[in-house]
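One structure is given below, encoded as structure tokens.
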Amino acid sequence: MARKSACADIWHVVRYSDMPSDRETVQRKRRELHEQMRALAFEPLMRGSIVERVRKCGRPNCACARDPSARHRGKYLSVHLGGRTQALPLRQEDEERVGRAIAAYKRLWALIDGLTECELSDLRREARERRRARSRRQ
Ligand SMILES: [Zn+2]
């Protein structure tokens, strides 16, 4: 339950339209995102996706050899790593753990997006301030 609400917070933080531009608010958001990033460092994290595959087992006497509806279904973890895609058969009892690790990876990217927005916000504000200072001098 606590995990869920923490996740919802992150999504709230990175919604771009919510992004305020004053220095203090951006700094507060940045600290908040870094804090969430540190919390994420204690969780298993991985890239990849869980896919379902339907296959023939190869035994000539199995029903799957003739009947497409009798083909075997199984879940796999698919990961592109080191230049190749690897597919690991996934046991049902590992599915939740792997799903959580993949979710943590996605949350990390959401945090990176939020931090990127903080930097953009600062750069935009600084450019505005420079423009204003220039027009005052003229
Ligand atoms: Zn079969």
Where His12 falls short, out of the listed (1) touching a helix residue (DSSP H, G or I) at 6+ places or on another chain (Cβ under 8 Å); (2) modelled with pLDDT under 95; (3) surrounded by 11 or more Cβ atoms within 10 Å (Cβ to Cβ); (4) of a type outside the set (A, V, I, L, M)
(3)
Please list, ordered by first then second residue, the pairs with beta carbon atoms under 7 Å, 6 or more apart or interchain, first in region 47-64 and under 14 Å from Gln86 (Cβ atoms), second within 13 Å of the ligand (Cβ to nearest atom) and not hydrophobic (A, V, I, L, M, F, W, C).
Arg53/Gly74
Of (1) under 15 Å from the mean Cα position of the chain (by Cα); (2) surrounded by 11 or more Cβ atoms within 10 Å (Cβ to Cβ); (3) of a type in the set (Gly, Ala, Ser), Ala70 fails just (1)
Residue match in region 34-50 (condition: in a strand (DSSP E or B) and either of a type in the set (Lys, Arg) or modelled with pLDDT of 95 or more (or both))
yes
Which residues, counting only those in region 86-96, are surrounded by 13 or more Cβ atoms within 10 Å (Cβ to Cβ) and assigned to a helix (DSSP H, G or I)?
Asp94, Glu95
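Among the residues of region 53-85 satisfying the criterion of being outside any loop (DSSP other than H, G, I, E, B) and charged (D, E, K, R), which is farthest from the ligand (Cβ to nearest atom)?
Ranking the qualifying residues of region 53-85, first place goes to Arg84.
The values are calculated or read from the model by the stated rules, or taken from the named source; none is laboratory data. Treat the numbers as computed from the prediction; the structure is a model and nothing was measured. Because the Cβ atoms are built from the backbone with ideal geometry, glycine has one as well, and the counts that use them run over all protein chains shown.
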